[in-house]
Structures are given as C-alpha cells and as structure tokens.
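Peer 1: If you scroll down you'll find the structure; I have some questions about it.
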Amino acid sequence: MGGFDKIELGKKEESRKDTLSSGGQDFARMQSGTSFMSRRSGKKKFKFSRKKTSIIAGVLAAILVLVGIPAYLTYDSGLKTYRQAKLVAAAMDTQNVEQASKEIEITRKHLKNTQRSFKFLIPFKFVPVIGWYYSDLGHMLNAGSHGLEAATVATDAIKPYADVLGLKGEGSFSEGSAEDRIKTAVLTIGKITPEVDRIAVSLEKVQVEIDEVNPDHYPAFLFGPSFKSRLENLKKITDQGVSFVTDAKPLVKVLPSLLGEEEPKKYLILFQNDKELRPTGGFITAFAIFNVDKGVIKIERSDDIYDLDNSISGKPPAPDAIQRYLANVSVLNLRDSNVSPDFIESMETFNSLYEKSGQSVDVDGIIALDTSVLVSTIKVLDDQVQAGGMTFNTQIDERCDCPQVIYELENTISRPVNYVKTDRKSLIGELLQAIMTKAFSSSPKIYWGPLFQTILTEADQKHVLVYLYNKEAQQGIEALNYAGRIRDFEGDYLHINESSFSGAKVNIFLEEEVENKYEVDKEGIVTKTVTITYKNPYPPSDCNLESGGLCLNAEYRDWLRIYVPQGSELVDSEGSQVKIETSEEFGKTLFEGFITVRPQGSKKFSITYKLPFKLEKGSPLPLMIQKQPGTHGNVYTNVVNGKTIETFPLLTDKEALLKI
C-alpha cells in the first residue's frame with residue numbers, strides 16, 4: 001500500500017523473541033543472585049557454575065585426602081612416639097637399664113612410623129610460614145632418631161655393669177669373690193671406651209638438627225608463653241650434653257688406668273670436717289693413703305693431720321685472714337691450707353707444704369670427703385658399721401641433735417683428756433676401711449649399686465671433691481663438676497663462701513637462709529640485695545679445756561666472702577663487724593667481711609650492689625648460684641621487684657632464668 005512502510009513480520013517476531021529471551025535470562029540471573037543492573041551497565045562478575053563448583057570441591061577433597069589424612073596420621077603416630085619416649089625417661093629415672101633398653105627399641109619403631117607418615121606432608125614445605133613448622137618438625141624427628149641411637153649405644157655398653165653400678169638389670173659380674181668381680185669389671189671396662197666416641201657422634205648430630213630449629217617462629221599468642229622457652233632450653237641442654245660428653249671422654253678413656261688396670265695407683269684421701277666449715281668444705285682433720293689395684297681398694301695408712309703437720313718445718317706465714325681471725329696462728333699449716341674457695345687452688349697450696357714432709361708419698365691425686373659421705377654410706381649398710389671397737393649408726397643423738405656417728409667421732413677425736421691420746425683421728429681411716437669391707441663382702445646387688453649411687457649423689461652435692469694429676473682425667477672430672485672449681489658464668493653469679501674460725505663444731509647447729517632481692521629500674525639497671533640470716537637455737541657447750549668438756553657449740557666466727565659478677569658496684573652493707581673490702585678474684589668481684597653469731601642467737605648480714613650490666617626490657621636474667629662444698633641445703637629465696645619467685649634448698653650449683 002502507498003504511504004506505508006512494509007512491515008517484515010518475520011523479523012519483528014524474531015526481535016520479540018530475542019527480547020523475551022533476554023528478559024528471561026535476566027530474570028533467571030536475578031533469581032540466582034546475579035545482579036541485573038550489572039549486566040545493564042556492561043560490567044561482568046565472576047560466577048561459579050555447578051560444574052566449576054564440583055571441580056573445586058573435588059580438588060579440596062583431594063587435598064584433604066592427600067594432606068589432611070597424612071597430617072592426622074603423622075600427629076597420631078607422633079603422639080604415640082611421645083608417649084613411648086616418656087616410658088624411656090621413666091625407666092631411666094628408676095635406673096632400670098634393662099627396661100630402658102626395651103622401651104628405647106619400641107620408641108625407635110614408633111619414631112620410624114612417624115617419619116614415614118611425615119614424608120607425605122612434603123606439600124607443606126612450600127607453603128609460606130607453614131613451611132617453617134614443616135622444616136622444624138623434620139629436624140626434631142631427625143634429632144630424636146640420633147638421640148635414640150646414642151641411648152641405645154649407652155644402655156648396651158653399661159648392661160654388663162648393671163649390678164656393679166646399682167642399675168636394675170642382669171649384670172655379668174655375679175660369680176666369684178668380691179675382689180674377683182671387681183677385677184673382672186675393671187679389666188673389661190675398656191670395652192666401653194669406643195662406645196663413648198659413638199655416643200659423642202650421635203649427640204653431635206642431634207645438636208646439628210636442634211640448632212636448625214628457630215624458637216622465634218613460635219610466638220606466645222599462638223603457641224603459649226612457655227613453648228618458645230622450652231625450645232630455647234632444649235637447645236641449651238643439647239649444647240651442654242655435647243660439651244659434657246666431649247669433655248668427659250678423656251676421663252672414661254683413662255678410667256681403667258685410674259683404677260689400677262695395669263699398675264697400682266695411690267690416692268691421698270683428705271677428711272674435711274664440714275661441722276667446722278672451711279672454704280673447700282671443712283677443716284682438714286685426717287688423711288689416708290688408698291692403694292687401688294685392679295679396682296680393689298686397700299688403705300695403706302691413716303693418720304691425724306696434726307702428725308703430718310708436725311713433720312714439716314719452715315712453713316710460710318699464714319694468709320692475712322688466718323692471722324686476723326684465727327687466734328694464735330701465724331704460719332700456714334696443712335690443716336688450714338684449703339683457704340681458697342677453689343678446691344684445685346687449695347690443693348696446690350696443700351701440696352706445696354706436703355712435699356716438704358718426710359712422710360709424704362707420691363700419689364696420683366687427691367680426693368676429699370666430708371661427714372655427709374660417712375652418714376650416707378652407713379645408712380646404705382643397714383645403718384650399722386663397726387670400727388675401732390665401736391658401733392656407728394646414723395640415728396639422731398640427743399647430745400648434739402645430730403647423727404650418732406658424728407657425735408662419737410667428735411667425742412673420740414675432739415674431747416680434751418689429761419693423757420696422751422694417740423692416733424685419735426686414724427679412727428676415720430678405720431671407719432672408711434670398715435665401710436669398704438662390709439660393702440665388698442656381700443653380693444653386688446645388696447650394697448654395691450646403692451653405694452655407687454650414693455657416692456654419685458654426694459659428689460653432685462660437693463661432699464666429694466677430686467683432683468687427679470692426670471690432665472685428661474682431670475678434664476673429665478671438671479666436666480662432671482666434681483672438682484670444686486669456681487665457675488665462669490655469663491649473667492648474674494653468686495657464691496657465698498664461709499670459714500668458721502671458732503675452733504668448735506658450730507656448723508652442726510647453725511641454720512642459714514639467703515634472700516636474693518632484685519630491683520630493676522626503667523633504664524634496666526639491676527640493684528641486688530643479698531641478705532643472709534643466721535640462727536643458732538642451741539645452748540653453748542662446755543668449752544673449758546680444764547674440765548674436759550666437748551666443745552661443739554660456741555660463738556660462730558665467720559670469715560665471709562661473697563663472689564658476684566665482675567664489675568659489680570657496692571652500694572651498702574649491714575652486719576659485718578669489719579669494713580667490707582672489695583677486690584677481684586677468679587674473674588669475679590669479691591666482697592669480704594666478718595661476723596659472729598652466739599649460741600641461742602641470730603644475726604643478719606646484708607649487702608647491696610649494682611650489677612655491671614643493664615637488662616633489656618622483657619629479657620630474662622640468667623643466674624647461677626654456686627654452692628659451697630660442705631654446706632647442707634641452706635635455704636635460698638629469689639625475690640624480683642617485691643615478688644617471691646622461688647624458695648629452695650641449695651644442694652648443688654643452680655642455674656635459672658629469672659623473668660624480670
């Protein structure tokens with residue numbers, strides 16, 4: 001028709017269909033949550049189709065299967081390994097070498113299973129941050145493997161000596177006489193020497209692995225406040241263990257020789273009476289010569305130290321402190337020669353005099369014992385030993401409120417009489433001989449093991465001190481901390497050393513408590529106050545020589561020395577009856593004073609000083625308190641900014657990290 005455009009019905013219908021189709025799709029998108037407006041504005045948004053969602057879910061499931069399940073299996077296996085390792089520790093704590101050996105083998109199997117599961121976690125190695133923990137766990141597992149290897153070598157090496165060492169298990173020296181068993185043990189102990197090298201190698205491998213673990217990867221807000229410190233402590237213990245074994249190896253290697261494997265050895269035994277405390281543990285009152293032939297000990301001579309002193313002429317002048325505080329003593333005697341708090345230095349002084357005596361004999365070393373050794377060994381021997389026509393035990397004697405053996409020894413040795421009493425102090429040698437005779441006349445399982453363990457405890461607590469002239473052996477003794485040395489330490493250090501110049505046995509009765517009080521200012525300057533409280537609650541003894549009384553308790557006359565970090569600055573002091581003197585010794589600052597304490601009295605001494613370094617905020621303060629030999633668990637308390645941190649008896653040298 002004219003005037004009208006032709007309408008293409010087919011195209012219009014297609015256009016309508018497109019519009020409807022497009023609107024339907026838009027509606028569908030709105031229903032499915034896709035923005036209608038976004039399409040209209042030309043913007044596109046990423047969307048998951050059902051197919052893509054299924055693929056992603058499948059991938060996640062695969063990851064959970066491939067990583068999550070091995071992670072769980074590793075955790076479960078690791079937990080079993082940890083529990084089994086605790087059984088190893090328990091067996092070692094009870095000193096059951098046979099049980100420890102079995103538990104170690106089971107632990108090795110659990111650890112191998114854990115390591116196999118751990119291999120499937122390798123994808124975590126490439127994940128940021130998580131990769132740290134994957135790496136650390138790997139190093140810890142490797143360290144555990146090397147540690148178990150060292151433990152296996154050690155237990156296998158000592159199994160044959162279990163009965164001799166007092167370790168539960170089947171030993172190999174149960175046949176023949178006591179001397180035969182000892183000789184057999186000594187002649188075969190050389191077999192242990194190569195094993196020490198193997199143990200050292202394994203421990204060095206442990207050290208390498210532990211050193212790769214970074215404690216800074218474990219913040220407190222994620223792992224708790226103690227996890228990081230535990231790792232740091234583990235690294236420290238590992239380093240100390242490697243150092244200990246390395247230093248002790250020379251001693252183990254020469255041990256057969258020291259026990260007289262090839263030729264007899266001689267040792268000078270000094271008895272230090274800790275009831276009259278002196279710098280290295282007590283007044284030197286008696287001595288003995290021990291002959292050791294293939295492990296069998298025999299006493300060649302036992303005598304009073306005064307007799308040995310009388311055989312020396314041309315003695316040097318006594319040190320100033322002895323002349324000042326010990327009445328009527330102007331020359332240095334053997335009995336007073338242990339004036340240095342360092343046992344080795346004191347023994348060098350002792351030897352310089354001993355060599356001048358016509359009674360001196362060549363020896364291979366010096367071993368010092370105090371009364372604690374006598375008491376503890378007699379307890380092991382059914383609390384009864386006979387010597388010198390007397391029976392000794394450790395029951396408390398009311399006359400001194402101390403063990404009966406202590407009172408009887410003092411009564412025999414120290415009581416003045418109106419006649420010549422010969423060989424009074426040789427009784428100590430007779431008692432030592434009686435102890436050994438009773439011990440070695442029995443089956444090893446009855447006394448030997450407990451005695452061996454007792455001597456180790458006494459040495460740990462510094463009631464036994466050793467100076468061997470063999471340099472390699474002495475290196476091992478010092479590694480064990482059995483040499484009574486003044487030790488080096490980075491951080492705060494404290495050693496209180498006392499010398500009783502009263503002539504009586506006041507340390508039977510005296511009680512001591514020590515407070516270490518720290519105050520830290522904003523600049524990190526540490527001011528420390530050490531307060532020593534002395535109490536003697538017992539009445540005085542009859543110290544009249546003419547009446548023949550036994551003078552045990554009298555006025556305590558104490559030459560007091562306090563060793564602290566070098567460069568410490570004295571601030572104040574109270575309680576000393578002389579002016580505090582400051583000097584340097586053993587790489588330490590030394591504060592020196594003098595106090596007295598009467599029977600049924602008490603006394604306080606305090607000294608305040610600034611440490612020579614500043615403490616960074618949040619940093620712990622390393623502390624070592626070094627025990628004086630011959631002391632018996634003086635009570636110490638650490639106080640930081642007015643808060644009591646810890647109270648403990650000082651039985652051995654103690655190290656701690658104080659949080660300030």
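The values are calculated or read from the model by the stated rules, or taken from the named source; none is laboratory data. These numbers come from a predicted model, not from an experiment. Positions of Cβ are backbone-derived with ideal geometry, glycine not excepted, and every protein chain shown enters the neighbour counts.
Peer 1: Do the conditions hold for VAL578, that is, is it loosely packed, with under 15 Cβ neighbours inside 10 Å, among the hydrophobic types (A, V, I, L, M, F, W, C) and not in a strand (DSSP E or B)?
Peer 2: Spelling it out, VAL578 is indeed loosely packed, with under 15 Cβ neighbours inside 10 Å, among the hydrophobic types (A, V, I, L, M, F, W, C) and not in a strand (DSSP E or B).
Peer 1: Identify, by number, the condition in (1) surrounded by 18 or more Cβ atoms within 10 Å (Cβ to Cβ); (2) of a type in the set (Gly, Ala, Ser); (3) at pLDDT 95 or above that ALA504 doesn't meet.
Peer 2: Unmet for ALA504, out of (1) surrounded by 18 or more Cβ atoms within 10 Å (Cβ to Cβ); (2) of a type in the set (Gly, Ala, Ser); (3) at pLDDT 95 or above: (3).
Peer 1: Here are VAL375, VAL339, VAL363: which of them is more than 20 Å from LEU468 (Cα to Cα), modelled with pLDDT of 95 or more and of a type in the set (A, V, I, L, M, F, W, C)?
Peer 2: VAL375
Peer 1: Applying the selection to segment 593-620, what residues are surrounded by fewer than 19 Cβ atoms within 10 Å (Cβ to Cβ), free of Cβ contacts under 8 Å to residues at least 60 places away in the same chain and within 17 Å of SER499 (Cα to Cα)?
Peer 2: THR596
Peer 1: From the list ILE428, ILE496, ILE435, ILE455, which residue is over 23 Å from VAL375 (Cβ atoms) and either touching a strand residue (DSSP E or B) at 6+ places or on another chain (Cβ under 9 Å) or not in a strand (DSSP E or B) (or both)? Steps first, answer last, please.
Peer 2: Values: ILE428 fails: over 23 Å from VAL375 (Cβ atoms); ILE435 fails: over 23 Å from VAL375 (Cβ atoms); ILE455 fails: over 23 Å from VAL375 (Cβ atoms).
Of the residues listed, the single one that is over 23 Å from VAL375 (Cβ atoms) and either touching a strand residue (DSSP E or B) at 6+ places or on another chain (Cβ under 9 Å) or not in a strand (DSSP E or B) (or both) is ILE496.
Peer 1: Mind checking which residues of segment 288-319 are exposed (fewer than 14 other Cβ atoms within 10 Å of the Cβ) and closer than 27 Å to THR188 by Cβ?
Peer 2: Of everything in segment 288-319, those that are exposed (fewer than 14 other Cβ atoms within 10 Å of the Cβ) and closer than 27 Å to THR188 by Cβ turn out to be LYS298, GLU300.
Peer 1: Could you list all residues from segment 446-465 that are within 27 Å of ASP180 (Cβ to Cβ) and touching a Gly at 6+ places or on another chain (Cβ under 8 Å)?
Peer 2: Answer for segment 446-465, where residues must be within 27 Å of ASP180 (Cβ to Cβ) and touching a Gly at 6+ places or on another chain (Cβ under 8 Å): TRP448, GLY449, PRO450, LEU451, PHE452, GLN453.
Peer 1: While we're on this one: Can we say GLY78 is assigned by TED's automatic domain parsing to the domain that holds ILE192, at pLDDT below 70, in a helix (DSSP H, G or I) and more than 23 Å from LYS205 (Cα to Cα)?
Peer 2: So GLY78 does not fit the description; no.
Peer 1: Scan segment 519-546 and report the pairs whose first residue is free of Cβ contacts under 8 Å to residues at least 24 places away in the same chain and whose second residue is surrounded by 17 or more Cβ atoms within 10 Å (Cβ to Cβ) and not in a strand (DSSP E or B), with Cβ atoms within less than 8 Å and a gap of 6+ or a chain change.
Peer 2: ASP542/LEU550; ASP542/CYS551
Peer 1: Among the residues of segment 605-631, write down those that are modelled with pLDDT of 95 or more and over 17 Å from VAL564 (Cβ atoms).
Peer 2: PRO629, GLY630, THR631
Peer 1: Filter segment 626-660 down to the residues that are assigned to a loop (DSSP other than H, G, I, E, B) and in contact with a Pro (Cβ under 8 Å, 6 or more places away or on another chain), then identify the one that is nearest to LEU270 (Cα to Cα).
Peer 2: So in segment 626-660, the residues assigned to a loop (DSSP other than H, G, I, E, B) come out as 627-633, 641-642, 651-653, 659-660.
Next, only the ones that are in contact with a Pro (Cβ under 8 Å, 6 or more places away or on another chain) stay: 628, 633, 659-660.
On the way: GLN628: 17, GLY633: 22, LYS659: 42, ILE660: 43 Å.
Selected residue: GLN628.
Peer 1: Would segment 535-542 turn up any residue that is out of contact with any Cys (no Cβ under 8 Å at 6 or more places or on another chain) and over 25 Å from ILE396 (Cβ atoms)? Working first, answer last.
Peer 2: Of the residues in segment 535-542, the ones out of contact with any Cys (no Cβ under 8 Å at 6 or more places or on another chain) are 535-540.
So of that shortlist, the ones also over 25 Å from ILE396 (Cβ atoms) come out as none.
No, segment 535-542 contains no residue that is out of contact with any Cys (no Cβ under 8 Å at 6 or more places or on another chain) and over 25 Å from ILE396 (Cβ atoms).
Peer 1: Out of segment 176-206, which residues are within 22 Å of the chain's Cα centre (by Cα) and either surrounded by fewer than 19 Cβ atoms within 10 Å (Cβ to Cβ) or of a type in the set (Gly, Ala, Ser) (or both)?
Peer 2: Scanning segment 176-206 gives ALA200, SER202, GLU204.
Peer 1: Separate question: Does segment 597-609 include one or more residues that are out of contact with any strand residue (DSSP E or B) (no Cβ under 7 Å at 6 or more places or on another chain) and part of a strand (DSSP E or B)?
Peer 2: No, segment 597-609 has no match at all.
Peer 1: Given segment 187-278, what helices (runs of 4 or more DSSP H) lie entirely inside it while holding 2 or more residues that are among the charged types (D, E, K, R) and more than 28 Å from PRO622 (Cβ to Cβ)?
Peer 2: 193-211
Peer 1: Right, GLY429: small (Gly, Ala, Ser), under 35 Å from the mean Cα position of the chain (by Cα) and at pLDDT 90 or above or not?
Peer 2: Details: small (Gly, Ala, Ser): yes; under 35 Å from the mean Cα position of the chain (by Cα): yes; at pLDDT 90 or above: no.
Criteria not met by GLY429.
Peer 1: In segment 500-518, what residues are in a strand (DSSP E or B) and touching a residue at least 60 places away in the same chain (Cβ under 8 Å)?
Peer 2: Within segment 500-518, SER500, GLU512, GLU513, VAL514, GLU515, ASN516, LYS517, TYR518 qualify.
Peer 1: Look through segment 434-458, keep the residues that are buried (at least 20 other Cβ atoms within 10 Å of the Cβ) and small (Gly, Ala, Ser), and return whichever of them is modelled with the lowest pLDDT.
Peer 2: Only one residue tops the list, namely GLY449.
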